[in-house]
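The values are calculated or read from the model by the stated rules, or taken from the named source; none is laboratory data. As the structure is a prediction and not an experimental result, all values here were calculated from the model. Cβ sites come from the backbone with ideal geometry, for glycine too, and all protein chains shown count toward neighbours. In case anyone asks, the SASA skips ligands and DNA or RNA and just uses the protein heavy atoms, side chains included. Shrake-Rupley method; radii C 1.70, N 1.55, O 1.52, S 1.80 Å.
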Amino acid sequence: MAAPPDMELSPALSLELLPTDPLLLILSFLDYRDLVSCCYLNRRLNQLSSHDPLWKRHCKKYWLISDEEKSRRNQGWRSIFISTYNDLGRYIQYYATLKKAWDDLEQYLGQWCPRMIGSLKESVKEEELDAVEAQIHCKLPDDYRCSFRIHNGQKLVVPGLMGSMALSNHYRSEDLLDIDTAAGGFQQRLGLKQCLPLTFCIHTGLSQYMALESVEGRNKYEIFYQCPDQMARNPSAIVMFITGTSYLEWFTSYVNKVVTGGYPIIRDQIFRYVHDKDCVATTEDITVSVSTSFLPELSSVHPPHYFFTYRIRIEMSKDALPENACQLESRYWRITNAKGDVEEVQGPGVVGEFPVISPGKVYEYTSCTTFSTTSGYMEGYYTFHCLYNKDRFFNVTIPRFHMVCPTFKVSTA
């Protein structure tokens, strides 16, 4: 049917006729892959996709490039994105997360543990990582490689970047290994086949390992502490205390715990005590809080022996009256394992000391316990006597705190 004579046909809508600003707005919502694809569709889209401000969002999102860094580079956003992609493109799904973790960690260390900054090593090049893969005949996961393109671990020094733990006769501090040292410790022996060490403690020889292949009952890229099975006849029988399912999850979760204050800084070191914010009890002017940590190097699954350390903080309110100053006389513990078995302990002082607490003063100490079950809890009270009224004794509640062994896998050997 012919169109009515009074109706004029409108010209076909053409991309060339559309105004520039709405098109740029549409392009600004595209991911970098789609933006690149637009370059090959036609000349108009090629010109629009090259519009430099479109690439600012991608530089910030994927490479964490700031305006200040752009000014220092004296390049356009598109040019920066392309040059960075040419170098780090294989890591684009990991880079921003790991770079932020490293930046946050460095900023935190600069404020609280400045001497640790000096132990961090500069990044490695792509060919160095390729050489390590050729050396160990195993592929390294991309998130692990990406982290080493930012920082090549740290020097073998104390304190270690990956946290410390100290008891009266035991000390552990784990360094994050550089790529060459890690490759030198690559394992092919039974029980640890195709496992790469990520950390190392100079004092204990303890390492956290990453499985580069799914062998001997491990999942690929799982991270763990090894634990020999002392009841197995086969010396290669290794039980795993699992600490991460991938390098990205393992490293970023640790950094997040550090920079959010989840781990205390003691004597310029990161101590891996975990504090439950609900695990606090106040009696009169005295507050008691507890943090705990599992020690894999002193634990075993076979026989069942799970070793925990706990750190107690006792503090008197700064608003308390001076005459409320008191001294710790004794302690009482009620210790319960996962089977419901109860042990009671009572004795003088704490760790051989009888601390005096006065307004605004804090006393902290570390002790330990073991369970034959994978979990348990402790609670109790301290008995204090007043310094200005020695006939007055009172009990201060120690809140219940739980200790749980991390997930583990029993050896398949």
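Some values worked out for this structure:
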item	result
Subset of the range 288-310 that is touching a strand residue (DSSP E or B) at 6+ places or on another chain (Cβ under 9 Å) and open to solvent by 40 Å² or more (accessible area, probe 1.4 Å) - its residue that is farthest from residue 366 (Cα to Cα)	302
Failed criterion for residue 352 (all others in (1) within 21 Å of residue 165 (Cβ to Cβ); (2) in contact (Cβ under 8 Å) with a residue 40 or more places away in the chain; (3) small (Gly, Ala, Ser) hold)	(2)
Cross-chain or 6+ apart pairs with Cβ under 9 Å, the range 280-299 first and under 15 Å from residue 325 (Cα atoms) and in contact (Cβ under 8 Å) with a residue 24 or more places away in the chain, then open to solvent by 40 Å² or more (accessible area, probe 1.4 Å) and among the aliphatic types (A, V, I, L, M)	285/321; 287/280
Residue in the range 210-226 that is farther than 25 Å from residue 412 by Cα and of a type in the set (A, V, I, L, M, F, W, C) present	no
Residue tally, condition in a loop (DSSP other than H, G, I, E, B), open to solvent by 20 Å² or more (accessible area, probe 1.4 Å) and either within 14 Å of residue 128 (Cβ to Cβ) or touching a residue at least 60 places away in the same chain (Cβ under 8 Å) (or both), over the range 174-195	1
Hits in the range 24-51 (condition: of a type outside the set (Phe, Trp, Tyr), loosely packed, with under 12 Cβ neighbours inside 10 Å and within 35 Å of the chain's Cα centre (by Cα))	33, 34
The range 52-65, residues that are touching a helix residue (DSSP H, G or I) at 6+ places or on another chain (Cβ under 8 Å), open to solvent by 40 Å² or more (accessible area, probe 1.4 Å) and within 23 Å of residue 98 (Cα to Cα)	56, 61, 64
Tally, over the range 268-280, of residues that are at pLDDT 95 or above and surrounded by fewer than 18 Cβ atoms within 10 Å (Cβ to Cβ)	1
Extreme residue, nearest to residue 403 (Cα to Cα), among residues of the range 322-357 that are of a type in the set (Gly, Ala, Ser) and in contact with a Leu (Cβ under 8 Å, 6 or more places away or on another chain)	349
Residue list for the range 374-385, filter: open to solvent by 10 Å² or more (accessible area, probe 1.4 Å) and of a type outside the set (Gly, Ala, Ser)	374, 377, 379, 381, 383, 385
